[in-house]
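Read the structure below first, then the notes.
Every read-out reported here was derived from the displayed coordinates using simple, explicitly stated rules and does not represent laboratory data. Computed from a predicted model, the values in this text were never measured in an experiment. Ideal geometry is used to build each Cβ from the backbone, glycine not excepted, and the neighbour counts take in all protein chains shown.
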């Protein structure tokens, strides 16, 4: 796997050498989203801030759309030093440390604002520090968003509406367990295959944040979008610990500060664009169902067993501390 990945990165490095000749440090950043997605645009802001702040001593090169391989391969590349940085969903890191699974459990947060408070607070900082055991340094959090269900069978307003629907999910055990509990037929599939699978009827639906439903144009091959908000997902920008430790303290601080500013920039993008994206989806002829808080509570109640099952998986201390942070952020 890594041999194949090394070849991909080698090609990318060769492409980038011509533009990076004058920079003392080249940092290649890989991720899986396309160039229209708000996360990629936030990384462009990160690139701008780092290059300006280092007076051109650092050259950031961003490779979107899985150009450097799937997420797990990119993370492994960063761990081994083949690649400097990767930005991948937090769920992938649970493959090395089960504690990370707590972030994306179903209906863990009553709102996105609560999730962001937890992630950007003490609990989130402690979680990022666990990455050091994986040979990684976490630079912060970038939003992927609240995930919603789309499908071609019927509007989803209650759990029973999911019965028998073949729904693409990420290859995340907690996500699969969530939709099994809700009565769907969860079908893990690589992200790049989803549009054609929907188009050909291989699957009935999928679940993703609004911005991805829009940027990947899933709405073109779906009849219904139901704003279930079942899972809040984030990306973690990670950098090789060995590479990071070789940077000056000034450049280390610059990377972290620039990522924090890029995150704020991303939030501005999300908050200003999501309503327009939903309107575009509606105008394309798709039925958009906005669930009430009471309707979402029914989904939350039916997935309580999934959350409970993961207490042992992630560790009771981690699980309980995360729930306490959620309660604190909720004002409870």
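Of all DSSP-defined beta bridges confined to the chain, some 50% are antiparallel rather than parallel. Considering only beta bridges that DSSP places wholly inside the range 133-274, some 70 percent are antiparallel. Comparing Cα centroids, the range 183-206 and the range 31-57 end up 31 angstrom apart.
Using the Cβ-Cβ distance between residue 41 and residue 260 with R0 set to 22 Å, the FRET efficiency works out to roughly 0.85.
Packing-based ranking of 49-55, 257-263 yields 257-263, 49-55, ordered from highest to lowest mean Cβ neighbour count within 10 Å.
Computed from the mean reciprocal separation of all distinct C-alpha pairs, what Kirkwood hydrodynamic radius does the range 161-204 have, in Å? 10.4 Å is the Kirkwood radius here. The ellipsoid that matches the Cα gyration tensor of the range 71-164 has semi-axes, each √(5λ) in whole angstrom, of 30, 17, 11, with the longest given first.
In plain terms, the C-alpha convex hull of the range 115-247 casts an average shadow of 9.3 nm² when viewed from every direction. Counting only alpha carbon atoms, the long axis of helix 316-330 and the longest principal axis of the chain meet at about 80°.
Note on residue 171 and residue 324: the extension gain reaches 52.3 nm, defined as 0.36 nm multiplied by sequence separation minus the Cα-Cα distance. If R0 is 51 Å, the Cβ-Cβ spacing of residue 292 and residue 80 corresponds to a FRET efficiency of close to 0.60. The calculated FRET efficiency for the pair residue 282 and residue 332, based on their C-beta separation and a Förster distance of 41 Å, comes to about 0.75. For the range 193-295, the normalised intensity computed at q = 0.13, 0.14 Å⁻¹ comes to -0.66, -0.72 (log10 of I(q)/I(0), Debye sum over alpha carbons, equal scatterers, no solvent). Each part reduced to its alpha carbon centroid, the range 298-332 and the range 223-285 end up 24 Å apart. In this rough spin-label picture, where each label sits 7 Å from Cα along the Cβ direction, the residue 133-residue 217 distance is 4.4 nm.
For the chain, the mean projected area of the C-alpha convex hull, equal to one quarter of the hull surface, is 16.4 nm².
The ranking of 76, 193, 143 from fewest to most other beta carbons within 10 Å of each one's beta carbon is 193, 76, 143.
Computed from the Kirkwood radius of its Cα pairs, the Stokes-Einstein diffusion coefficient for the range 32-88 at 25 °C and 0.890 mPa s stands at 204 µm²/s. Given q = 0.23, 0.28 Å⁻¹, what are the Debye log10 I(q)/I(0) values for the range 221-262, with equal point scatterers placed on the Cα positions and solvent ignored? With no solvent term, the Cα-only Debye profile gives -0.87, -1.05. Taking Cα atoms only, the orientation of helix 304-314 departs from the longest principal axis of the chain by about 30 degrees. In the chain, the DSSP-assigned H stretches of four residues or longer account for a calculated mean residue ellipticity at 222 nm of -14500 deg cm²/dmol, using -39500 (n - 2.57) per stretch and the full residue count as denominator.
Residues 243, 299, 191 in ascending order of nearby Cβ atoms (within 10 Å, fewest first): 243, 191, 299. Among 292, 25, 178, 233, a tally of other beta-carbon atoms within 10 Å of each Cβ gives an order, fewest to most, of 292, 25, 233, 178.
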